[in-house]
Amino acid sequence: MREKILEFLKKKQGYISGEEIAEHLKISRQALWKHIHELKEGGYDIVAVPHLGYSLQAAPDRLYGFEIASGLDTEIFGKKIFYYESLSSTMEQAMQLGLEGAHCGSLVVAECQTKGRGRLGRSWFSPKYKGIYFSLIIRPEIPPQQAPLLTLLSAVSVSEAIKNITGLSPAIKWPNDIILNHKKLGGILTELNAETDKINFAVIGIGLNVNNEEKSLVTGSTSLKCEKKESIERLGLLQEILRRLEVNYLGLERRGAQPIIKKLRHLSLTIGRQVKVYSHHRHIAGLAVDIDTDGSLLVRTEQGLVERVVAGDVTHCR
Ligand code: BTN
């Protein structure tokens, strides 16, 4: 109901009488008053003037589920949203919801995380209201060996969304780093609940620095605000990320990996670079020559051997 009230208030300029809203939404004046009270508690600046009615003056910068859902034209992603002011990690919550049978496309979003986690046991700094931190539960019909494609698909989707919303053009450091001007802007973490031949569900976790100030960023990272020199509306960006994720995900299921790999090759910062890779207790050094159709990185060593890296930690050399 809150979203309907907001939609109505946003549509109409100036004041609208309580009677008109209540009649339009077929609720009592008392119920309306209660919802308006809740919205105000949630940070909406709604002014009530006797004999005139209500007017929405300003909306807070929050990623409330009903705000994300409003105007989100996706088929599956974000159809069910779990919103939290604070969580230890959206991954933890999403893995639990996945076990409990949450539908494909269910979204767990938090305004901050106290134990945000990154790849390879690293942590993800998640200050309140500054970034976008979410985990998406999916149930892909692909074999577990193809799961790395989910990370790549997500990195492509985030880059596309950032470009569409801000005009900035981030690149991708294989496999999961979103990079802008040589600094890390965001990252992807994919976790699986799988058997040898079947993925029960996967959780794609995305963390993005959006409105962080330079002084409060981890060394070597940046935010959209720092690069664009203006604040970015997180809600619109999150909705666009979900749209791009869904388009690319359905594309993967229907047309296979080729279209995603093609996009990735264009966005890749890694291809053509001398790299050092640490993968499965092995160090590999050489020229990153390509990304294969299964998403693995192909590295040509000094001996002329092309090594296939499925997962690992990559360092770009000068
Ligand atoms: C990385 O670059 O190492 C991946 C970072 C992933 C961070 C996101 S924030 C939302 C989700 N919840 C987490 O705890 N981690 C991911």
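The values are calculated or read from the model by the stated rules, or taken from the named source; none is laboratory data. Computed from a predicted structure; not experimentally measured. All Cβ positions, even for glycine, are placed from backbone atoms using ideal geometry, and neighbour counts span all protein chains on display. Accessible surface is based on the protein model in full, side chains and every heavy atom, while ligands, DNA and RNA are left aside. Shrake-Rupley method; radii C 1.70, N 1.55, O 1.52, S 1.80 Å.
Give me the percent of the accessible area of the chain that comes from carbon and sulfur atoms, probe 1.4 Å, all protein chains in place.
On the way: 7820 of 15730 Å².
Heavy-atom surface of the chain belonging to carbon and sulfur, 1.4 Å probe: 50 percent.
Given the convex hull of the Cα atoms of the chain, what is a quarter of its surface area in nm²?
Working: hull surface 73.3 nm².
Averaged projected hull area, Cα only: 18.3 nm².
Using alpha-carbon pairs under 8 Å, 6+ residues apart, how would you state the relative contact order of the chain in percent? Provide the component values of the computation, followed by the final result.
Values: 623 pairs, mean separation 41.6, N = 318.
Computed value for the chain: 13 percent relative contact order.
Once you've got the GNM for the chain with C-alpha springs shorter than 10 Å, pick whichever of Asn212, Asn176, Asn164 has the biggest mean-square fluctuation.
Per the Cα network of the chain with a 10 Å cutoff, Asn164 tops the list.
Heavy-atom accessible area per residue, the stretch 1-153, 1.4 Å probe: how many Å²?
Values: 7950 Å² over 153 residues.
With all protein chains present, the stretch 1-153 gives 52 Å² per residue.
Could you state how much accessible area Leu63 has, in square angstrom rounded to the nearest 10, with a 1.4 Å probe and all protein chains kept in place?
0
State the Cα centre-to-centre distance between the stretch 290-313 and the stretch 1-25 in whole Å.
Cα centroid of the stretch 290-313 versus Cα centroid of the stretch 1-25: 57 Å apart.
Given only helices, namely DSSP H runs of n ≥ 4 each adding -39500 (n - 2.57), what is the per-residue ellipticity at 222 nm of the chain, to the nearest 500 deg cm²/dmol? The partial results should precede the final answer.
Working: 9 runs with 102 residues, N = 318.
The helix contribution divided over the chain gives -10000 deg cm²/dmol.
Can you give me the span-like helices of the chain, meaning DSSP H runs with 15 Å or more of Cα extent along the axis and Kyte-Doolittle mean at or above -1.0?
Details: long enough: 29-41 (18 Å, -1.25); 148-166 (27 Å, 1.05); 234-255 (31 Å, -0.31).
For the chain, where a helix must reach 15 Å along its axis and average at least -1.0, the hits are 148-166, 234-255.
So, in Å, what gap is there between the alpha-carbon centers of the stretch 173-220 and the stretch 52-81?
Here the answer is 25 Å between Cα centres.
Take the stretch 86-133, compute every pairwise Cα distance, and split them into 10 Å bins from 0; I just need the percent in each bin.
Values per bin, smallest distances first: 28, 48, 23, 0.
Rolling a 1.4 angstrom probe over the protein heavy atoms, how many square angstrom per residue are accessible across the stretch 160-318?
Here the per-residue accessible area is 49 Å².
State the three equivalent ellipsoid semi-axes of the stretch 242-303, derived from the C-alpha gyration tensor as the square roots of 5 times its eigenvalues, in descending order and whole Å. Numbers along the way, then the final one.
Numbers: eigenvalues 148, 27, 21 Å².
So the equivalent ellipsoid measures 27, 12, 10 Å along its semi-axes.
Using a Gaussian network model on the chain with a 10 Å cutoff between Cα atoms, which of Leu298, Leu185, Leu52 fluctuates the most?
Leu52
Translational diffusion coefficient of the stretch 199-318 at 25 °C, 0.890 mPa s, Stokes-Einstein with Kirkwood Rh over Cα pairs, in µm²/s as a whole number. Kindly include the intermediate steps, with their values, before the conclusion.
Details: Rh = 17.0 Å.
Roughly 144 µm²/s, to the nearest whole number.
Can you tell me the order of 82-93, 8-19 when each peptide is scored by its average per-residue count of other Cβ atoms within 10 angstrom, highest first?
Values: 82-93: 18.8, 8-19: 13.8.
Ranking, from highest mean packing down: 82-93, 8-19.
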